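Step one of this worksheet: look at the structure below.
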2 protein chains.
Amino acid sequence: MAPKTDLDRAVTQRLAESDLRYTSGRQAIVTGLRVADRPVTLPELLDLSPDLAQSSAYRNLSLMENAGVIRRLVHGGDHAHYELAEELTEHHHHLICESCGLVRDITFDGDLEQTLDTAFSRVAASEGFLPRHHAIDVYGRCAGCR
Amino acid sequence: MAPKTDLDRAVTQRLAESDLRYTSGRQAIVTGLRVADRPVTLPELLDLSPDLAQSSAYRNLSLMENAGVIRRLVHGGDHAHYELAEELTEHHHHLICESCGLVRDITFDGDLEQTLDTAFSRVAASEGFLPRHHAIDVYGRCAGCR
DNA sequence: TTGCTTGCAAATGATTTGCACTGCT
DNA sequence: AGCAGTGCAAATCATTTGCAAGCAA
């Protein structure tokens with residue numbers, strides 16, 4: 001087993017808080033997501049780590065999502081995309097290719113996020129909503145599909 | 001059949017451009033979505049118009065989505081939500097209740113949208129993407145689930 | 001040994017599709 | 001007549017789950 005990274009330690013702790021072990025299968029998933037460096041689908045994840053059983057991958061993704069380690073993204077395509085939770089990385093948004101489904105992370109500067117939060121809170125309040133977080137998806141064509 | 005509204009006329013034209021007729025079943029869907037005044041799931045749509053056959057509703061929603069009349073939203077819940085396309089209403093975003101799945105429309109003022117478009121174009125360009133449109137989802141708790 | 005994990009196979013459930021029939025035009 | 005549209009039932013397919021066996025504390 002590879003030496004523990006800071007990410008592994010953070011994941012271990014979050015899993016422990018939900019009474020879950022950081023097994024080798026779960027490490028393979030976390031490592032796969034870290035290496036991919038972009039949200040990936042389940043088939044892509046299995047390609048990255050061929051020893052994973054599909055059902056266990058789905059099961060662990062789901063368990064780790066509840067534990068705050070994984071975030072599941074769903075856009076219109078056939079498969080959901082998975083990435084590490086923002087608490088383990090950083091707040092970001094997504095660029096989605098309408099042609100091939102590729103998803104990439106993007107970040108905005110703090111001033112813009114500040115502006116957004118303020119605007120969202122005001123509009124949400126007018127509808128009686130208590131806003132908790134937000135997601136921005138920018139759709140377009142990726143370099144390969146231009 | 002009810003008299004044609006401006007919306008009906010606009011839908012008729014868009015469907016015609018795809019060689020589709022504006023049949024009574026399709027009118028029932030469009031009317032249901034207009035009356036609901038928020039994105040609804042397929043079961044909700046069938047409740048609003050009990051005469052619709054499920055398969056035809058799905059089929060027409062899909063055809064009308066391709067014709068630019070309908071927009072399909074997918075947010076992780078069990079069912080997708082459907083609403084009238086923005087070209088028939090106005091550019092808006094969504095407030096989503098994490099507890100019950102309710103979706104409501106929200107709009108931002110022009111200045112903010114302008115700021116957003118500028119920011120999105122710049123960031124997308126840095127990744128080689130050509131941005132086409134965007135979607136902002138604000139997650140939280142609705143008044144009923146507070 | 002207790003209980004979390006895993007892999008396999010089977011089940012689930014939203015959505016899609018084949019097909020025969022209906023109804024515009 | 002000719003073809004778009006519809007409803008029913010069956011098929012699809014990503015994801016979930018039951019279960020028996022494996023493994024860590």
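The values are calculated or read from the model by the stated rules, or taken from the named source; none is laboratory data. Worth saying up front: this structure is predicted, and the values here are computed from it rather than measured. Reconstructed Cβ throughout: ideal geometry from the backbone, glycine too, with neighbour counts over all protein chains shown.
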Task: Lone qualifier among A:102, A:112, A:130 - being facing chain B (nearest Cβ under 8 Å), touching a Leu at 6+ places or on another chain (Cβ under 9 Å) and either surrounded by 15 or more Cβ atoms within 10 Å (Cβ to Cβ) or not small (Gly, Ala, Ser) (or both) - done: A:112
Task: Single condition residue A:46 does not satisfy, out of (1) within 14 Å of chain B (Cβ to nearest Cβ); (2) without any contact (Cβ under 8 Å) to a residue 12 or more places away in the chain; (3) touching a helix residue (DSSP H, G or I) at 6+ places or on another chain (Cβ under 8 Å); (4) over 23 Å from residue A:98 (Cα atoms) - done: (1)
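Conditions (1) of a type in the set (Ser, Thr, Tyr); (2) under 24 Å from residue B:80 (Cα atoms); (3) part of a helix (DSSP H, G or I), marked per residue:
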{"position": "B:15", "(1), (2), (3)": "no, yes, yes"}
{"position": "B:26", "(1), (2), (3)": "no, yes, yes"}
{"position": "B:29", "(1), (2), (3)": "no, yes, yes"}
{"position": "B:51", "(1), (2), (3)": "no, yes, no"}
{"position": "B:55", "(1), (2), (3)": "yes, yes, yes"}
Task: Residue list for the stretch A:100-130, restricted to those being part of a loop (DSSP other than H, G, I, E, B) and closer than 16 Å to residue A:40 by Cα - done: A:100, A:101, A:102
- [ ] For residue A:76, state whether it is assigned to a loop (DSSP other than H, G, I, E, B), without any contact (Cβ under 8 Å) to a residue 40 or more places away in the chain and either over 30 Å from residue A:25 (Cβ atoms) or in contact with a Cys (Cβ under 9 Å, 6 or more places away or on another chain) (or both).
- [x] no
Task: Candidate set from the stretch B:62-78 (those that are surrounded by 15 or more Cβ atoms within 10 Å (Cβ to Cβ) and more than 11 Å from chain A (Cβ to nearest Cβ)); member that is farthest from DNA strand C (Cβ to nearest atom) - done: B:68
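Only one of A:34, A:14 is over 30 Å from residue B:62 (Cα atoms) and in contact with a strand residue (DSSP E or B) (Cβ under 7 Å, 6 or more places away or on another chain). Can you tell me which?
Of the residues listed, the single one that is over 30 Å from residue B:62 (Cα atoms) and in contact with a strand residue (DSSP E or B) (Cβ under 7 Å, 6 or more places away or on another chain) is A:34.
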Task: Filter result for residue A:138 (at pLDDT 95 or above, assigned to a helix (DSSP H, G or I) and over 26 Å from residue A:10 (Cβ atoms)) - done: no
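Any idea which residue in the stretch A:1-55 is nearest to residue A:95 (Cα to Cα), counting only those that are among the β-branched types (Val, Ile, Thr) and buried (at least 16 other Cβ atoms within 10 Å of the Cβ)?
A:40
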Open item on the list: Given the criterion away from DNA strand C (no atom under 15 Å from the Cβ) and not in a loop (DSSP other than H, G, I, E, B), identify the matching residue among B:59, B:34.
Closed with: B:34
Task: Filter result for residue A:18 (over 22 Å from residue A:77 (Cα atoms) and of a type in the set (S, T, N, Q)) - done: yes
Open item on the list: So the check is Cβ under 8 Å with 6+ separation or different chains; which pairs have a first residue in the stretch B:84-102 that's modelled with pLDDT of 95 or more and a second one that's assigned to a helix (DSSP H, G or I) and β-branched (Val, Ile, Thr)?
Closed with: B:84/B:30; B:88/B:11; B:95/A:123
